[in-house]
1. Within the set of pairs 6 or more residues apart or between chains, which connect a residue that is more than 22 Å from Leu97 (Cα to Cα) inside region 58-84 to a residue that is assigned to a loop (DSSP other than H, G, I, E, B) and modelled with pLDDT under 55 with Cβ atoms less than 8 Å apart?
2. Please go through (1) at pLDDT 95 or above; (2) over 25 Å from Tyr159 (Cα atoms); (3) aliphatic (A, V, I, L, M) for Ala227 and return the number of the only condition it doesn't satisfy.
3. What is the one condition in (1) farther than 23 Å from Ala321 by Cα; (2) modelled with pLDDT of 95 or more that Ala418 does not satisfy?
4. Name the pairs whose Cβ atoms lie under 6 Å apart, with the first residue in region 27-46 and among the β-branched types (Val, Ile, Thr), the second surrounded by fewer than 15 Cβ atoms within 10 Å (Cβ to Cβ), and 6 or more positions between them or separate chains?
5. Being touching a strand residue (DSSP E or B) at 6+ places or on another chain (Cβ under 6 Å), farther than 30 Å from Phe294 by Cβ and buried (at least 20 other Cβ atoms within 10 Å of the Cβ) narrows it down to one residue among Ile45, Ile31; which is it?
6. Identify all residues within region 345-376 that are of a type in the set (D, E, K, R) and under 22 Å from Ile446 (Cα atoms); write none if there are none.
7. So which strands (runs of 3 or more DSSP E) stay within region 346-440 end to end and still have 1 or more residues that are surrounded by fewer than 22 Cβ atoms within 10 Å (Cβ to Cβ) and aliphatic (A, V, I, L, M)?
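The values are calculated or read from the model by the stated rules, or taken from the named source; none is laboratory data. Predicted model only: the values in this text are computed from it and were never measured. Glycine gets a Cβ as well: all are built from the backbone with ideal geometry, and neighbour counts include every protein chain shown.
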Amino acid sequence: MDKRAISRLCAFHIFEGLQEGLSHFSGPSRIAVIFANQPWNTMRIYDPQNLLRGHEPKLKKLYVDSEEWRKGHMLSQDQLETFEQPEPLKDPELAGLISCGGMSRSLFFQMWFTEHHPDMCSIGPTQRWLEHAVWLLSNEAINPTTCQIGTSGYVLREYATHAVRDCIVDETNRILGMDVQMRNYPILDAVLEISKTREEGRWPRGKLVFVEPRFLSELNFLARFPADEQAQLDNFKHVRKLLQSVETSDLMLVSDGKTIVGIAAGKLPECPIIADFRDGAGFLYLNGTLICSFYDGRFHSSTRKARLVQLEELFIDAGIADDDQHTLFKIISEIVHNAENCKIGCTLVVDLNEFHINVAGQHLERPLDLKGEKFLELAKSLSRLDGAIHICSDLKLYGFGCILDGKSIAVEDRARGARFNSALRFTAGHKNIVVIVVSSDRPVSIIQEGVELSAQCQWKSIASGIPDACALNEWVEN
């Protein structure tokens with residue numbers, strides 16, 4: 001295999017590993033890259049899943065009509081003779097996308113793109129992931145060999161913890177400088193291990209706060225442990241037991257990154273890392289900013305809240321008044337998120353007809369006006385009962401414990417439960433009805449006219465082998 005073919009195959013494995021890694025971290029994710037090997041080359045693009053379709057005008061303006069990208073950052077002589085960290089490039093700021101690029105001696109220009117999912121906690125870890133892809137491709141382009149094939153792809157596929165760590169390090173160094181004593185890998189390992197450790201059959205709850213040792217004196221300790229009796233952070237079972245002391249209060253278990261120092265309350269010093277455990281899952285914060293979530297022993301970008309974008313669009317198309325649209329969406333969101341947080345299954349029938357339909361179930365003498373806080377709280381409680389709750393476009397709840405029946409349809413899914421398939425049947429037989437099904441294990445389905453609108457699109461896989469990129473100007477024209 002010649003050097004050019006090896007280089008292209010290494011690039012493909014980087015591309016594939018990046019896509020698989022980000023898909024595990026954020027859900028199905030597409031990747032695209034535009035690049036030029038040398039300043040005098042034509043800009044090329046590899047976008048097998050059409051991520052950049054719709055952005056042709058801006059890409060044409062930046063990289064076809066303009067020659068500014070060829071100038072880039074002028075590399076120094078030292079940089080020309082080495083292959084250190086590539087020089088970063090300006091973000092083209094394409095709507096709905098996260099991007100990162102760099103230029104180097106080995107690969108003059110490269111810009112990577114991926115999707116900005118609407119339920120991301122933060123784009124920081126994903127940006128660090130793309131940065132690492134830039135670095136790997138620049139280095140492999142210098143002297144590609146057959147022994148390198150696939151290696152970088154494996155690294156990018158399992159990069160989640162490293163991406164979170166890199167994000168934390170960059171922000172901590174920006175705020176506190178380089179003199180930081182806490183090491184982040186042991187902290188992240190402890191967070192994942194503790195999240196998987198049950199105590200008397202119960203998943204962990206409560207906050208574990210990691211504070212730079214020089215700031216410990218600023219904390220309001222209610223209880224502080226002697227140095228020789230402090231639990232080691234890597235003794236996960238012991239830390240899990242101690243976490244019980246703060247699980248039902250605003251208190252926090254405090255660590256210096258090596259041991260558990262004590263229990264504190266009140267204001268935190270600068271730049272703490274906070275692990276907020278919530279029954280087998282949780283969220284990681286840095287200096288009050290949400291970085292990522294964690295569950296199933298891995299870090300993820302998800303906020304763990306249902307994405308109800310399709311529902312918002314349906315309300316617009318239904319012709320509901322703007323104020324009522326917003327209020328109805330807020331009501332539905334609160335009920336759905338309450339069910340998610342409580343880990344209960346429920347079904348909501350949202351009736352968008354001018355005159356609401358009659359649904360079999362427990363009816364009320366007077367419907368509940370869900371604009372009232374106490375009635376909305378009651379609706380959340382009623383959603384726990386078997387059967388669906390019936391909400392109409394006038395923002396009122398008309399019934400609960402409703403039975404959704406209908407004729408069998410072809411698109412039923414035996415792998416899904418009775419709630420889901422009953423919703424498919426019911427909506428197939430009724431116009432202007434939307435059913436939201438919340439499963440106890442968190443998936444949320446939005447169904448109308450017998451179709452699940454919220455089903456994730458599974459992108460076609462990338463064929464293995466040596467990929468072909470095309471000229472950007474031809475791609476734009478076609």
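1. none
2. (1)
3. With (1) farther than 23 Å from Ala321 by Cα; (2) modelled with pLDDT of 95 or more applied to Ala418, the lone miss is (2).
4. Close Cβ pairs satisfying both conditions: Thr42/Ala471.
5. After ruling out the rest, the residue left standing is Ile45.
6. Asp351, Glu354
7. Answer list for region 346-440: 362-369.
Here is a yes/no grid of residues against (1) of a type in the set (A, V, I, L, M, F, W, C); (2) within 28 Å of Gly27 (Cβ to Cβ); (3) at pLDDT 85 or above:
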{"residue": "Leu395", "(1), (2), (3)": "yes, no, yes"}
{"residue": "Val411", "(1), (2), (3)": "yes, yes, no"}
{"residue": "Val435", "(1), (2), (3)": "yes, yes, yes"}
{"residue": "Ser440", "(1), (2), (3)": "no, yes, no"}
{"residue": "Val444", "(1), (2), (3)": "yes, yes, yes"}
